[in-house]
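Single-structure report; data block below.
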Amino acid sequence: MAQRHATRRYPDSLTFLKDWQEQLSMDALLFASGALEDTPASEMKIDLVLPAGQRVGPITAQLINLFPDGSSAFRLSGMPEAVKTAVGAANLEKDKWRDYLLSTGELSRASGTAEPVAAPVPAETASATEAARAAEAAEVASLRQRIAQLEAEVLRQRTAAAQAGQSGGSGAPTAGVRGLFVPDTRGLPVYASGAIGDKSLRNLFMRLSVEKPTGLLTLSLPDGRTRWSFIQKGGPVGFRTDPMDEQEVLGVLLYKAGSITVEQLAESLRVMEERACRQGEALIEMGVFTFAQLVLVLQKQCEFVLVRLLAETSGTWTFHALDELPERFIAPPMRVAAHLFRDLRVKAKTIAADTLANFLRPLYEQYVYIRPGVERTLEEMRLSADEQAFLKIVGATSYRVREMPSVSNLSRGQTASMLWCLTELGLLEFREDAAAARSEERYASLIASRKATIDKGSYFDQLEVHWMGTTDDVEKAWRRFKTEFPEDNPDKYGEKLRPDVLLIIAGVQKAYETLSNEAKRREYRATRIERVMIEQSAIMLAGKGDMALMKDNMVEAWDCFSKAAELMPNVQSYRAGAEQSKSGRR
């Protein structure tokens with residue numbers, strides 16, 4: 001009888017973090033050969049026993065592959081919050097051990113090493129090398145064509161098997177019968193459609209990221225090609241092109257990236273022919289990749305194909321929603337919103353400041369809001385701490401677009417860039433007035449939170465600046481506070497809240513008077529933070545600054561060294577690092 005329940009136990013934080021980084025964070029889990037008592041069912045319930053002994057589950061898991069060595073791979077339906085909380089606790093434990101080892105000298109900071117100087121290559125050797133490379137390129141080209149043929153043949157056979165009823169009458173392959181089988185969408189209602197070349201396809205992917213449907217995206221191209229993107233819960237999990245594009249074959253991508261050799265590429269072809277399997281399965285059987293590594297590889301393949309798909313300039317697209325996809329994909333749903341956001345952030349750096357200003361100018365007197373319903377998508381976008389802080393500002397209080405630079409935690413240019421990127425992705429909306437969307441209850445909650453901080457929090461908490469903050473950080477936080485709580489308009493939040501608002505203004509004013517003075521700020525910090533914590537934090541910041549210098553990232557280096565010098569002003573190396581990075585970022 002097939003096994004329908006299993007438990008994965010984590011004896012310590014290190015084992016748990018390793019599994020999180022390699023598998024669980026991608027909603028994947030691999031049971032090694034012999035870990036299960038019986039053959040797994042196509043759908044199982046899995047419990048996770050965390051390092052602290054907490055049992056989490058049952059988590060629904062779908063079997064996506066049984067490997068020849070007896071191991072089995074599963075796709076998890078979702079990760080409970082308790083697991084994510086445990087990851088944070090485990091990382092905190094790891095950081096404490098790292099800090100301790102740094103303080104005892106048992107662990108030293110990384111340092112750069114000089115690149116070895118290559119010896120000159122004799123002409124005859126260079127000629128032989130070029131000939132070898134040409135021969136290898138020809139072999140790869142031949143293998144690439146044969147692999148594409150085999151992939152197409154495996155797909156043809158499995159599609160024929162499914163259509164012949166070997167799928168249990170569902171029209172889709174059963175467990176063990178895999179392949180990018182394209183379901184028949186004729187007669188199904190169209191979820192969305194449009195033309196390639198405008199913003200509609202990008203807008204579709206953002207809509208999918210928010211609404212989380214499962215379905216099939218079909219692109220019909222003028223040259224006769226058809227592309228399909230298989231969407232699982234709002235994100236692509238696989239692609240297919242007819243006729244097959246050899247440049248997108250997994251083995252070719254891995255070879256070009258230097259992840260496999262031409263010999264391994266040839267061996268994978270032999271295994272594919274012998275086993276009638278796909279190339280990813282062949283590479284696992286060969287021992288080239290583990291299941292966790294294959295998941296990462298397939299994710300990169302999805303990203304590569306998505307970039308090419310979005311680069312198409314003409315044709316049409318149609319998306320049909322489905323109850324489920326016809327097969328179980330190894331790769332987890334790609335977070336397209338994160339990819340599109342990063343792409344726009346890079347693009348924004350090339351846009352002139354006056355162009356961004358022209359974009360914002362018609363919106364100056366309107367209030368900016370986060371569009372309702374996109375909160376989950378924003379969480380999936382892997383925003384930096386500064387980007388998250390910016391969204392917190394937008395979501396907390398009503399601000400006109402023209403007010404944003406003065407209250408933003410970012411520079412004026414970065415603020416304009418963020419507003420442009422988020423608007424392009426449809427994550428912001430603009431309204432004529434503030435009252436419609438900001439209820440009195442929300443204002444009262446904001447004031448109550450601020451008042452509680454005045455009563456019990458430190459000066460750093462009251463001014464909403466980190467205890468490592470520099471004078472620049474303090475001044476920026478003070479400007480933001482004055483916009484949020486203007487002294488000349490204490491009734492901004494209503495007459496009823498006026499006494500509390502005045503109390504908050506007076507309290508933060510007192511905090512600012514202390515923190516804006518360097519000497520007083522350091523003296524006050526010493527009364528709130530233990531000296532060993534201050535020293536160790538400065539060491540870690542300097543270490544990060546050294547790494548940033550090695551990468552020629554002067555902005556990050558300046559941030560790290562300036563804070564290290566803030567904490568330990570008498571350490572010459574910290575001040576020198578700050579001066580070096582400050583001059584380099586100009």
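Each of the peptides 352-358, 538-544 was scored by the mean count of other Cβ atoms within 10 Å over its residues; in descending order, highest first, they stand as 538-544, 352-358.
Please tell me which of these pairs span more than 21 angstrom C-alpha to C-alpha: Lys456/Lys492; Lys84/Lys300; Lys349/Lys551; Lys451/Lys510; Lys544/Lys582; Lys510/Lys563? Over 21 Å apart, Cα to Cα: Lys456/Lys492; Lys84/Lys300; Lys510/Lys563.
Explain nothing, just the number: relative contact order of the range 319-402, from Cα pairs under 8 Å at least 6 residues apart, as a whole percent.
On the way: 35 pairs, mean separation 35.1, N = 84.
Relative contact order here is 42 percent.
Rounded to the nearest Hz, the phi-derived 3J(HN,Hα) couplings of the range 568-575 under the Karplus curve 6.51 cos²θ - 1.76 cosθ + 1.60 (θ = phi - 60°) are 10, x, 8, 8, 4, 5, 5, 5, where x marks glycine and proline.
Kindly put Asp27, Asp491 in sequence by how many other C-beta atoms sit within 10 Å of each C-beta, fewest to most.
On the way: Asp27 18, Asp491 10.
In increasing order of surrounding Cβ atoms, one gets Asp491, Asp27.
Which whole-number percent gives the relative contact order of the range 3-89, counting Cα pairs below 8 Å spaced six or more residues apart? Don't jump to the answer; show the numbers that get you there.
Details: 149 pairs, mean separation 28.5, N = 87.
It rounds to 33 percent for the range 3-89.
I need the GluC sites (Glu not before Pro) found in the range 511-586, filtered to DSSP loop residues with at most 12 other beta carbons within 10 Å of theirs.
Numbers: sites: Glu513, Glu518, Glu523, Glu530, Glu535, Glu556, Glu566, Glu579; in loops: Glu530.
Filter output for the range 511-586: Glu530.
What's the ranking of 266-272, 330-336, 446-452 by average number of surrounding C-beta atoms within 10 Å, highest first? Spell out each step's value before the answer.
Values: 266-272: 18.9, 330-336: 23.0, 446-452: 16.0.
Descending mean neighbour count gives 330-336, 266-272, 446-452.
Value of Rg to Rh for the range 265-381, rounded to two decimals, is 1.12; Kirkwood radius and Rg both from alpha-carbon coordinates.
With θ taken as phi - 60° and the Karplus curve 6.51 cos²θ - 1.76 cosθ + 1.60 applied, the whole-hertz 3J(HN,Hα) list for the range 284-291 is 5, 4, 6, x, 6, 10, 8, 4 Hz, x standing for glycine and proline. Rounded, prolate or oblate: which fits the range 204-268 when a ≥ b ≥ c are the square roots of the eigenvalues of the alpha-carbon gyration tensor, with rounded for a/c under 1.5 and prolate only if a/b beats b/c? It comes out oblate by the Cα gyration axes.
Listed values for the range 307-323 are Karplus-derived 3J(HN,Hα) couplings in whole Hz (6.51 cos²θ - 1.76 cosθ + 1.60, θ = phi - 60°), namely 4, 5, 5, 5, 7, 4, 10, 8, x, 10, 9, 9, 10, 10, 7, 10, 5, and x replaces Gly and Pro. Applying both filters, DSSP loop and at most 15 other Cβ atoms within 10 Å, to the GluC sites (Glu not before Pro) of the range 298-364 gives Glu324.
Can you pull the Kirkwood radius for the range 525-586, inverse mean 1/r over Cα pairs, to one decimal in Å? Intermediate values should be presented prior to the final figure.
On the way: mean 1/r = 0.0881 Å⁻¹.
Kirkwood hydrodynamic radius for the range 525-586: 11.3 Å.
Coordinate-derived values only; no laboratory data. As the structure is a computational prediction, the values presented were derived from the model and not from experiment. Positions of Cβ are backbone-derived with ideal geometry, glycine not excepted, and every protein chain shown enters the neighbour counts.
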